[in-house]
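Structure first, commentary second.
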Amino acid sequence: MVQKTMWIGLLLVLGGILPVQAHMMTPGSVFRDCDKCPEMVVIPVGQFHMGDVSGEGHESERPVHRVTIDYPFAVGKYEVTFDEWEACVAAGGCSHRPDDESWGRGTRPVINVSWEDAQEYGKWLSRKTGQFYRLLSEAEWEYVARAGTTTKYWWGNVASHDYANYGKELNDYDCCGGLATGADRWVYTAPVGSFQANAFGVFDTVGNVWEWVEDCWNDDYKGALTDGRVWMSLMCRLRVVRGGSWYGLPESVRPANRYWGDPDDRVSNVGIRVARTLTP
């Protein structure tokens, strides 16, 4: 019986079906649960100060509060791509095939997907793999985006197109819009992984596209949770987006920056990143 069990286990591993267990992985480990699944990075547990730590943000980012992430989870190494989304469409798991605005598909981040579309994608991944895929909570998202840093941007205190794909500076004549300059060679979306990863090994945590998270929108952090869970308010008419985009101002790519959208909004500067719950 033991030999038979071992042989079945080997077949599952070779077939790429065996679920990855948290006790088998260390922070920074990378895995993929299926050929068409997003590549995932294991995130370390820890604490951080969430919100306007630089003192240059908005009221919605205050009060700054300490959050503890004491449970294992993994996050998409990259934003979900068109290729990955189209696998869901082809399998019948996603009902919406989004427009790419003629910027390209493939490894560019999927755009024109709503929060509700993202729920379909997470459910499809969960059914396909037998694991729990979902959007990040807002606290998890900022924890991952900061990756242990306390500076205004994850790379330092000065905005730089060397680290992220974002848009124009605000001036007296116009605001926002795509900008290609320096290492940022893309006016619109860039292929995922075009800039260096942060200290957690996660790419494009800011810029490129805003990312839907699970939480309802709250105007500030008064009464915010401190354990990393999804913050559900009484009115979830709006959902949170994080990270800024190719279109946004430099200040929008601060890890503390936050905004909102209607759950059924489909726009050209918003995409998704997924998380996977890990069970020890």
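The values are calculated or read from the model by the stated rules, or taken from the named source; none is laboratory data. Quick caveat: nothing in here was measured; it's all calculated off a predicted structure. Neighbour counts run over all protein chains shown; Cβ positions are idealised from the backbone, glycine included.
Before moving on, here are some points about what is shown:
- Taken over the stretch 229-256, the residue count meeting the criterion of being over 16 Å from the mean Cα position of the chain (by Cα) and touching a residue at least 12 places away in the same chain (Cβ under 8 Å) is 12.
- Here Trp103 passes the criteria (1) in contact (Cβ under 8 Å) with a residue 24 or more places away in the chain; (2) touching a strand residue (DSSP E or B) at 6+ places or on another chain (Cβ under 8 Å) except the one numbered (2).
- Test: residue in the stretch 36-43 that is part of a strand (DSSP E or B), free of Cβ contacts under 8 Å to residues at least 60 places away in the same chain, out of contact with any helix residue (DSSP H, G or I) (no Cβ under 8 Å at 6 or more places or on another chain) and not basic (Lys, Arg): no
- For Glu86, the requirement of being closer than 15 Å to Pro38 by Cα and touching a residue at least 12 places away in the same chain (Cβ under 8 Å) is met.
- The lone criterion from (1) surrounded by fewer than 21 Cβ atoms within 10 Å (Cβ to Cβ); (2) touching a Gly at 6+ places or on another chain (Cβ under 9 Å); (3) modelled with pLDDT of 95 or more left unmet by Thr205 is number (1).
- The conditions of being touching a residue at least 40 places away in the same chain (Cβ under 8 Å), within 23 Å of Arg239 (Cβ to Cβ), touching a Pro at 6+ places or on another chain (Cβ under 7 Å) and not in a loop (DSSP other than H, G, I, E, B) are not met by Glu211.
- Annotation note: of Lys152, Lys168, the sole residue that is at pLDDT below 95 and farther than 22 Å from Val41 by Cβ is Lys168.
- Test: residue in the stretch 186-198 that is on the phi < 0 side of the Ramachandran plot, surrounded by fewer than 16 Cβ atoms within 10 Å (Cβ to Cβ) and touching a helix residue (DSSP H, G or I) at 6+ places or on another chain (Cβ under 9 Å): no
- Pairs linking a residue in the stretch 108-128 that is over 13 Å from Val89 (Cα atoms) to a residue that is in a helix (DSSP H, G or I) and of a type outside the set (Asp, Glu), with Cβ atoms under 8 Å and 6 or more positions apart or on different chains, are Arg108/Phe82; Pro109/Phe82.
- Scope the stretch 245-256; condition part of a loop (DSSP other than H, G, I, E, B) and of a type in the set (A, V, I, L, M, F, W, C); matching residues: Trp246, Leu249, Ala256
- Candidates Tyr259, Tyr188, filtered to the one that is of a type in the set (Ser, Thr, Tyr), in a loop (DSSP other than H, G, I, E, B) and in contact (Cβ under 8 Å) with a residue 12 or more places away in the chain: Tyr188
- When restricted to residues that are farther than 28 Å from Ile69 by Cβ, outside any loop (DSSP other than H, G, I, E, B) and free of Cβ contacts under 8 Å to residues at least 24 places away in the same chain, the stretch 147-185 contains 2.
- Comparison of Asp220, Asp215, Asp264 shows that the only residue that is among the charged types (D, E, K, R), farther than 26 Å from Ser95 by Cα and modelled with pLDDT of 95 or more is Asp220.
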